[in-house]
Amino acid sequence: QVQLVESGGGLVQPGGSLRLSCAGSGSIFSIRTMGWYRQAPGKQRELVAVMPSGDTTTYADSVKGRFTISRDNAKNTVYLQMNSLKPEDTAVYYCYANLRPSYLSSWSVYWGQGTQVTVSS
């Protein structure tokens, strides 16, 4: 059973910082891509940042220069460092991973349960 467990969300003032973590556990044979999405109230889920295996990264235009995604492949963990936070960054943040639970499995996408980030004074 594969699980992605997020942590690090909370309430922060505008201009502040938070660091989200997402750790994969259970049967994981290989991970291809890890990333973050977010969903604000009344809006569709949107891509925040994605990091395939290797060093390449992709960011939403709205977070470029403020957010940084990174991975620790040995720990099956992806991070999202969020700086200069704005009220419009308020959302539930979800991590995801495209992985194979075993060498016999196909590639599948797994999601975390979500962590709330609220930016408010």
Debye equation applied to the C-alpha atoms of region 1-103, log10 I(q)/I(0) at 0.18, 0.24 Å⁻¹ | -0.84, -1.35
Can you run phi through the Karplus equation (6.51, -1.76, 1.60; θ = phi - 60°) for region 22-37 and list ³J(HN,Hα) in whole Hz, with x for Gly and Pro?
-> 9, 10, x, 9, x, 7, 10, 8, 7, 10, 8, 10, 10, x, 10, 10
Over region 1-97, what is the mean sequence separation of C-alpha contacts under 8 Å (at least six apart), divided by residue count, expressed as relative contact order in percent?
-> 35 percent
GNM, the chain, Cα, under 10 Å: largest mean-square fluctuation among 43, 86, 75?
-> 43
Starting with the highest mean, order 55-64, 20-29 by the number of other Cβ atoms within 10 Å, averaged over the residues of each peptide.
-> 20-29, 55-64
Two pseudo-spin positions, 7 Å from Cα along C-beta at residue 11 and at residue 46, lie apart in nanometres by 2.5 nm
In a Gaussian network model over the chain where Cα atoms closer than 10 Å are linked, find which of 104, 18, 80 has the largest mean-square fluctuation.
-> 104
Report the antiparallel proportion of the DSSP beta bridges in the chain as a percent, rounded to a multiple of 5.
-> 95 percent
Which of the lysines could a cross-linker bridge to residue 64, judged by Cα under 18 Å and excluding same-chain residues fewer than eight apart?
-> 86
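Rule-based calculations on the coordinates, nothing more; no lab input. Because the structure is a prediction, the values reported are computed rather than measured. So basically every Cβ, Gly included, is an ideal-geometry build from the backbone, and we count neighbours across all protein chains shown.
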